[in-house]
Amino acid sequence: MQFHKYDVVIVGAGGAGMRAAIESGQQARTAVLTKLYPTRSHTGAAQGGMCAALANVEEDNWEWHTFDTVKGGDYLVDQDAAEIMAKEAIDAVLDLEKMGLPFNRTPEGKIDQRRFGGHTRNHGEAAVRRACYAADRTGHMILQTLYQNCIKHEVEFFNEFYVLDICLTETADGPVCTGAVALELATGEIHVFQAKAVVFATGGFGKVFKTTSNAHTLTGDGMAIVFRKGLPLEDMEFYQFHPTGLAGLGILLTEGARGEGGILRNDSGERFMERYAPTIKDLAPRDMVARAMATEVREGRGCGPHKDYVLLDLTHLGAEVLDAKLPDITEFSRTYLGIDPVEEPVPVYPTAHYAMGGIPTNIKGEVLRDAENVVPGLYAAGECACVSVHGANRLGTNSLLDINVFGRRAGIAAAEYAKAHDFVDLPEAPEVPVVAMVDKLNASTGGERVANIRTELQQTMDANASVYRTEDTLKQALHDVQALKERFDRVAIQDHGKRYNTDLLEAVELGFLLELAEVLVLGAINRKESRGGHAREDYTTRDDVNFLRHTMAYKQISDDDTTKKTGFGGLTADIRLDYKPVVITRYQPMERKY
Ligand SMILES: Cc1cc2nc3c(=O)[nH]c(=O)nc-3n(C[C@H](O)[C@H](O)[C@H](O)COP(=O)(O)OP(=O)(O)OC[C@H]3O[C@@H](n4cnc5c(N)ncnc54)[C@H](O)[C@@H]3O)c2cc1C
């Protein structure tokens, strides 16, 4: 075992982690631990853009942006947080520009902006140009720019270090975060990092679904790690399905394609979004477009031999626009479907894309241990966190914004906390839970295989907890997930080596996925209403009287439970659901029309 000591430890080197590291690295000794090489993080796959009311192309202001975010999130958004995000968006984009990010430009040399779903002028009048972009590689450019600036500020990176646990030290005032435990992929060695502050920026968990835009590595590690410690997860039932995944594959085609004028059509060539959102049509928020597509297919107006997808028509845009503004997705369609978007419409269907829920934080990025109190020294930002700026449905381009605004805030808050506080002792033998988990997996002689359980998990989630849900489908999913958890207890791995044991780590990640799937499904069963990305066919309307509130899910860990000491195992422990009020400042909930 190796031991390290830093003021601030950041877990994750995506956009949120690296934006935090740039701030923290200038004020305090900072280490970034990441299971992937930094520039391989999923932020690098982001395509369409990052929004800010710069008003470079047409009139716009941050108040309109706040309103769109609140309405887009079906009023489950904490409005104080949304205001901060929309206001700070402008500097967030300009900061990236100053760091060297090559945005597309207007003829006068300003940062160019394009339309995106749900972003409107004057509270819904028409779509507005708010998304700043670098072709359809905006996330790639952000990630490279942030990494270069981390290097400039001498942030220390521990690449291919899997964080598998956090250290919480009990004090008279409750738990304090004092470090993290990681497994080094190259050697299999365990490393304990003592820190005054730890920032989680570990991204999403799209891999609970089969059809997803998410990378193989998005297994919700950070969320599951804090959940296993008895800390809550917020609003996990709200998962976003992006309308335009390549049919049958889930690979994403950015909403920027519709922002540039792309049109969705059904089997008769009808522009069906005119019926669902007469004002902004194809640029309605993602939850509405995904439901419209699923409805077209269900009612027999789908395309193809099985009538199971719709078409994204880009043919009228012309080769020049596609080359300049959407080159990557044009290539994806050619490569993966053999369809050239210049000539033919592209088959698309909703794909699991983004977690609105996550580790609850306040606007400084401090992690909450219940509806009111924080865990001193523990921070979270980015997709793994829930501030909550996205409420029940995130608007496109608001995540690249979220990771920059709240990544920066968490980095500053963590560094300031570290400067003002001394090190607190680690709990006794902090590495024991991780060692026990690794030993258990290595020693298992059970007959279950990781790949089989993962496939069955993804199948039931796709079938039963996707765009449309009912009590029956969700109960089926819960039953399946709990049965898979039992089988997971008997999972065995084939590789017992130390070096690059991805077999072992995939088993650990599957454990995280199973845990989060159960929280998602339980929250969804309990939320007997339809709101944003959570559409219940048995409760089709939004119910503000009973459900205008955030879900807080806690893992119940009894005092005599040995899993409390190890933090692992005990996958079948009960989950308790509680609630947290929504922060409403200016915008009272209204009917959501587009
Ligand atoms: C295909 C695609 C396109 C998208 N396009 C857009 C877009 O155009 N605009 C927009 O706003 N949003 C977009 N999004 C969403 C957005 O990109 C993500 O939500 C956002 O980038 C997440 O950033 P993050 O920093 O929170 O996490 P990530 O970028 O996913 O980074 C997570 C980091 O955590 C590390 N990590 C995870 N687990 C561990 C562990 N156990 N130990 C150590 N390290 C760990 C990983 O190594 C990685 O460095 C897109 C998403 C996808 C999938």
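Among residues of region 9-22 that are closer than 14 Å to residue 162 by Cβ, those with a Cβ under 7 angstrom from a residue that is open to solvent by 10 Å² or more (accessible area, probe 1.4 Å) and more than 6 Å from the ligand (Cβ to nearest atom), sequence gap 6+ or separate chain, pair up as 13/157. When each of 76, 94 is tested for being at pLDDT 95 or above, among the hydrophobic types (A, V, I, L, M, F, W, C), part of a helix (DSSP H, G or I) and away from the ligand (no atom under 14 Å from the Cβ), the lone residue that passes is 94. Considering region 302-372, the qualifying strands (runs of 3 or more DSSP E), each wholly inside and each with 2 or more residues that are among the hydroxyl-bearing types (Ser, Thr, Tyr), run over 346-355. Considering region 238-261, and only residues there that are under 23 Å from residue 464 (Cβ atoms) and surrounded by fewer than 19 Cβ atoms within 10 Å (Cβ to Cβ), the residue that is nearest to the ligand (Cβ to nearest atom) turns out to be 249. For region 139-150, the criterion of being under 26 Å from residue 25 (Cβ atoms), among the hydroxyl-bearing types (Ser, Thr, Tyr) and away from the ligand (no atom under 15 Å from the Cβ) is satisfied by no residue at all.
Right, residue 60: away from the ligand (no atom under 15 Å from the Cβ), touching a helix residue (DSSP H, G or I) at 6+ places or on another chain (Cβ under 9 Å) and farther than 30 Å from residue 180 by Cα or not? No; evaluated as a whole, the condition is false for this residue.
For the condition closer than 30 Å to residue 418 by Cβ, among the hydrophobic types (A, V, I, L, M, F, W, C), surrounded by fewer than 19 Cβ atoms within 10 Å (Cβ to Cβ) and more than 9 Å from the ligand (Cβ to nearest atom), what is the one hit in 195, 186? That would be 186, the only listed residue that is closer than 30 Å to residue 418 by Cβ, among the hydrophobic types (A, V, I, L, M, F, W, C), surrounded by fewer than 19 Cβ atoms within 10 Å (Cβ to Cβ) and more than 9 Å from the ligand (Cβ to nearest atom). Does residue 489 count as of a type in the set (D, E, K, R), within 21 Å of residue 236 (Cα to Cα) and surrounded by 14 or more Cβ atoms within 10 Å (Cβ to Cβ)? The answer is no for residue 489.
Restricting attention to region 340-349, which residues are in contact (Cβ under 8 Å) with a residue 40 or more places away in the chain and open to solvent by 10 Å² or more (accessible area, probe 1.4 Å)? Of everything in region 340-349, those that are in contact (Cβ under 8 Å) with a residue 40 or more places away in the chain and open to solvent by 10 Å² or more (accessible area, probe 1.4 Å) turn out to be 345, 347, 349. Inspect region 417-432 for any residue being open to solvent by 20 Å² or more (accessible area, probe 1.4 Å), more than 28 Å from residue 191 (Cα to Cα) and at pLDDT 95 or above and give the result as yes or no. So far as region 417-432 goes, no, none of its residues is open to solvent by 20 Å² or more (accessible area, probe 1.4 Å), more than 28 Å from residue 191 (Cα to Cα) and at pLDDT 95 or above.
Residue-by-condition table, conditions (1) surrounded by 22 or more Cβ atoms within 10 Å (Cβ to Cβ); (2) charged (D, E, K, R); (3) free of Cβ contacts under 8 Å to residues at least 24 places away in the same chain; (4) outside the structural domain of residue 255 (by TED's automatic domain parsing):
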{"position": "28", "(1), (2), (3), (4)": "no, no, no, yes"}
{"position": "33", "(1), (2), (3), (4)": "yes, no, no, yes"}
{"position": "43", "(1), (2), (3), (4)": "yes, no, no, yes"}
{"position": "54", "(1), (2), (3), (4)": "no, no, no, yes"}
{"position": "60", "(1), (2), (3), (4)": "yes, yes, no, yes"}
{"position": "65", "(1), (2), (3), (4)": "yes, no, no, yes"}
{"position": "70", "(1), (2), (3), (4)": "yes, no, no, yes"}
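Are any of the residues in region 262-282 open to solvent by less than 50 Å² (accessible area, probe 1.4 Å), more than 16 Å from the ligand (Cβ to nearest atom), in contact with a strand residue (DSSP E or B) (Cβ under 7 Å, 6 or more places away or on another chain) and part of a helix (DSSP H, G or I)? Yes, some residue in region 262-282 is open to solvent by less than 50 Å² (accessible area, probe 1.4 Å), more than 16 Å from the ligand (Cβ to nearest atom), in contact with a strand residue (DSSP E or B) (Cβ under 7 Å, 6 or more places away or on another chain) and part of a helix (DSSP H, G or I).
What single numbered condition from (1) farther than 30 Å from residue 468 by Cβ; (2) at pLDDT 95 or above; (3) in a helix (DSSP H, G or I); (4) open to solvent by 70 Å² or more (accessible area, probe 1.4 Å) fails to hold for residue 545? Every listed condition holds for residue 545 apart from (1).
Would you confirm, using the coordinates I've provided, whether residue 476 is assigned to a helix (DSSP H, G or I), farther than 17 Å from residue 510 by Cα and not charged (D, E, K, R)? Against the criterion (assigned to a helix (DSSP H, G or I), farther than 17 Å from residue 510 by Cα and not charged (D, E, K, R)), residue 476 qualifies.
Scanning region 222-237 for residues that are more than 10 Å from the ligand (Cβ to nearest atom) and over 22 Å from residue 474 (Cα atoms) yields a count of 5. Right, residue 21: within 30 Å of residue 190 (Cα to Cα), among the aliphatic types (A, V, I, L, M) and more than 16 Å from the ligand (Cβ to nearest atom) or not? So residue 21 does not fit the description; no.
Has region 151-174 got at least one residue that is part of a helix (DSSP H, G or I) and either within 11 Å of the ligand (Cβ to nearest atom) or without any contact (Cβ under 8 Å) to a residue 12 or more places away in the chain (or both)? For region 151-174, residues part of a helix (DSSP H, G or I) and either within 11 Å of the ligand (Cβ to nearest atom) or without any contact (Cβ under 8 Å) to a residue 12 or more places away in the chain (or both): present.
Taking the conditions (1) away from the ligand (no atom under 11 Å from the Cβ); (2) assigned to a loop (DSSP other than H, G, I, E, B); (3) open to solvent by less than 10 Å² (accessible area, probe 1.4 Å) in turn, residue 219 satisfies each one other than (1). Counting just the residues of region 119-140 that are open to solvent by 50 Å² or more (accessible area, probe 1.4 Å) and not in a loop (DSSP other than H, G, I, E, B), which one comes out farthest from residue 53 (Cα to Cα)? Step by step, filter region 119-140, then rank; the result is 140. Among the residues of this structure, residue 90 does not count as one that is closer than 26 Å to residue 234 by Cβ and open to solvent by 20 Å² or more (accessible area, probe 1.4 Å).
The values are calculated or read from the model by the stated rules, or taken from the named source; none is laboratory data. Keep in mind the model is a prediction, meaning the values are calculated, not measured. In this analysis, Cβ positions are derived from the backbone assuming ideal geometry, glycine residues included, and neighbour counts consider all displayed protein chains. Ligands, DNA and RNA are stripped out before the accessible areas are found, and what is left, the full protein with its side chains, is counted by its heavy atoms. Shrake-Rupley method; radii C 1.70, N 1.55, O 1.52, S 1.80 Å.
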